[in-house]
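So the structure is just underneath, and the comments pick up after that.
Every read-out reported here was derived from the displayed coordinates using simple, explicitly stated rules and does not represent laboratory data. In this text, all values refer to a predicted model and were calculated from it rather than measured experimentally. Neighbour counts are summed over all protein chains in view; Cβ atoms, including those assigned to glycine, are modelled from backbone coordinates with ideal geometry.
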Amino acid sequence: MYKTSVIGFPRIGENRELKKIVENFLKKEITKNELLKESSNIRKKHLNILKENSIDYITINDFSLYDNFLDTICLLGAIPKRYNELELDELDTYFAMAKGYQKNDKDVKALAMKKWFNTNYHYLVPELDKNISFNLNLKKILSEYKEAKDLEITPKISIIGPYTFLKLSNIKEGDLEDYINDIKEIYIELIQNLNKLDISYIQIEEPILVTDLNNKDIINFENIYKEILNVKEKKILLQTYFGDIRDIYENIIKLDFDAIGLDLIDGEYNFELIEKYGINNKEIFAGIVNGKNIFINDYKKSIEIIDRLGIENLVLSSSCSLLHLPFTIKNETSLDEKYKILLSFAVEKLIELRELKNILEFEDFENHNKYNENQKKIKSKQNLTEFLNNEVKEKVKNLKEEDFYRKEKFDERIKLQKKYLNLPKLPTTTIGSFPQTLEVRKIRNKYRKNEITKNKYNEFIYSKIEEVIKLQENLEIDVLVHGEFERTDMVEYFGENFEGFLITKNGWVQSYGTRCVKPPVIFGDISRKDSFTVEYIKYAQELTNKYVKGMLTGPITIINWSFVREDLSIRDIAYQIALALQDEVLDLEKSGIKVIQIDEAALREKLPLRKENWKEYLDIAIKAFRLTNSKVKADTQIHTHMCYSEFKDIINEIKELDADVITIEAAKSDLSMIDILNENNYDKEVGPGVYDIHSPRIPSVEEFETVINELTKKIEIEKLWINPDCGLKTRGNKETIESLRNMVVATKNIRKNL
Ligand code: MET
Ligand SMILES: [Zn+2]
């Protein structure tokens, strides 16, 4: 007997309905009741889809208006004091934590945001200090429970596990251990409450278990769970994902969990653990349908996996929440059928689970029509030769060690660059994009629908470039940007202009809150048709006497924010992209661009979860980055940008990137990043983001002065740049202009005293 389960379903909606209603609510265009009613409709629609596909274990509480971690903060009553002090109602407090709050005399920043393991999803970081007194709030769970029951579903309730919650919290006072008793108590109370419901499982999610754990972690984990499991009356599924749980499997299997959920896609080693330690009568939720990638399941392989497991009564599951996938391939009406049949989004993953179950229960599976259909599709992949490019393959093969190095060392380069660029002390700049306002999005949509010509569209883009150059000149920013108006997205744009990619129309995936991204699909060998950024950047440069920074997206970021065909070599793809970018870099240089930024925004986030795999990844990442710019002149200045930079462990690799200037996120992490750079003798120039662009909040001149002063104490003046912590595309014009103005005024005030 087989059953099916999914860990979670994308809540954003088939047409990003959730994004729209939350944004409308935040703009006060709809009321709180409308928001709640509309979001309930979305949930019900999704529950019905799961039901139609006969999923046996349907999850609730995987939904969120903004983020599950934020929901967990509310569930546990772990709301930091400063938000409670705003004295807002529950929902407004919720959004104050998500977005920050600035009104009348009140001014509170949003909670920090971090990448969710190795995905492009972000969670809001809980804060724990001595003021926290947990206080259970079951409202959300109970209302979602009722919705499911109304649809005659006996749900499985998803909750973030206590250990993952603790480990990912920002512990402001004391140690993690100081909070264990409190967290234990509140989870015990939670389980006692859930005991009263008619549910199939409590799905406790502990993805932290797939990271490297030490003895203390194991002791803490056992300490918390022994007592929690003592009070359970409903079955508990310990759900893990994103890797294997080698450090703790042996311990877990002895605990009183009813079921264990294992990722068999990213967690190869889980097989060995099962073989070695057995399953101790637990129900196994086998993650065999990839929740993170959009290629169809190979039923033959899945059946082999299931055979290998040799477990009766298996639950077929997704490898992780389907949150990381677009909604349905059905809406990809412009995609050629030969590609479309190879892709599977969230809804299709449900169908795969259902079909796999049917096939497995069919006596002679090789004669099941769904099995044969699937195998035919898998085989058709081999015939797609249009994605092969032998010339590029050769080029990669012939790369030599010297192709990865700039000729001159940094010390020599920076002298020449300083002389050439002649910038003031503490040069100000931005990270690249300017607000992609409604106006920009409307015109782009028109262009997409062929309602305006390419010429008209370009005219508009040029007018925006003129506007943004004027604006930056007025603000007296030192190194300007062209604003990236021609790009929907920093990765998709490169996908559209390189060979080897497929672009979807509706493949939106939630990145954080209401923000979605549409990752392109790397389907084969990558090459560049023609230069595509030069015309815009050159145009911008011709409008001003100041330097305009050329903007490119780096190879690892392109890979990490794309869906990559599973049978391709990441190293080859990285070098192929790097070579394509190298051509673009050299074309920019040829057309007079002296400062070129190659963003590696996603380099840190895809660092493998286990340390033993870091070296291989970083080696590819660094070499690919260097390859993009190894051939530029010494006086051409190469910048790179990274968001959410937690560099502590990879600082040497960051050095090895050998970029002349790096801009990073710093303001939100209490500038501790800078200490790390210093401790490790980081010798290149740095632009630590002086304000958080993820919030509409406008920092005052004084606030900027404080931050910049702080920075000048920590970083040599000669090496310090002043800039926001990321691109401005998600912001509005008003707050952007005011924030940048304050930033520049503050910088100038400080310059006077240097
Ligand atoms: C997520 S990093 C963003 C970098 C890009 N150049 C931008 O400004 O939007
Ligand atoms: Zn960024």
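Return one number: the angle in degrees, 0 to 90 and rounded to the nearest 10, between the long axis of the Cα atoms of helix 438-448 and the longest principal axis of the Cα atoms of the chain. Between the helix axis and the principal axis of the chain, the angle is about 80 degrees.
Classify the range 662-754 as rounded, prolate or oblate, taking a ≥ b ≥ c as the square roots of the eigenvalues of its Cα gyration tensor: rounded when a/c is under 1.5, otherwise prolate if a/b is larger than b/c and oblate if not. Oblate shape, in that a/c is at least 1.5 and b/c is the bigger or equal ratio. Among the chymotrypsin sites (Phe, Trp or Tyr not before Pro) found in the range 277-384, not one is both in a DSSP coil and sparsely packed, with 13 or fewer other Cβ atoms within 10 Å of its Cβ. Relative to the longest principal axis of the Cα atoms of the chain, helix 90-99 runs at roughly 40 degrees. Summarising the amide proton neighbourhood of residue 121: residues at separation of 5 or more, or on other chains, whose placed amide H is nearer than 5 Å comprise 116. Between helix 215-230 and the chain there is an angle of about 40 degrees, using the helix long axis and the longest principal axis of the Cα atoms. Mean separation of Cα pairs under 8 Å and 6 or more residues apart, divided by the residue count, gives the chain a relative contact order of 12 percent. Taking a ≥ b ≥ c as the square roots of the eigenvalues of the Cα gyration tensor, the range 217-358 is prolate, since a/c reaches 1.5 or more and a/b is larger than b/c.
Classify the range 410-752: rounded, prolate or oblate, from the alpha-carbon gyration tensor (a ≥ b ≥ c, eigenvalue square roots; a/c under 1.5 rounded; otherwise prolate if a/b is larger than b/c)? Rounded, because the longest to shortest axis ratio a/c is under 1.5. Highest mean packing comes first when the peptides 409-422, 54-67, 504-517, 674-687 are listed by Cβ atoms within 10 Å, giving 54-67, 504-517, 674-687, 409-422.
Among 328-338, 696-706, 251-261, the peptide with the highest mean count of other Cβ atoms within 10 Å heads the list, and the full ranking is 251-261, 696-706, 328-338. For the pair residue 446 and residue 672, label points projected 7 Å from Cα toward Cβ lie 4.9 nm apart. Summarising the overall dimensions of the chain from its C-alpha atoms, the Rg and Dmax are 26.0, 82 angstrom.
Let me know the charge dipole size of the chain about its Cα centre in debye, to the nearest 20, where only the beta-carbon of Lys, Arg (+1) and Asp, Glu (-1) is charged. Dipole magnitude for the chain comes out near 1960 debye.
Within the straight-line cut-off of under 23 Å between alpha carbons, the lysines reachable from residue 752 are 418, 419, 425, 546, 713, 714, 719, sequence neighbours fewer than 8 places apart in one chain being disregarded. Straight Cα distances below 13 angstrom link residue 106 to the aspartates and glutamates 85, 87, with same-chain residues fewer than 8 positions distant left out.
Judged by the mean number of other Cβ atoms found within 10 Å, the most tightly packed of the peptides 599-609, 300-310 leads the ranking 599-609, 300-310.
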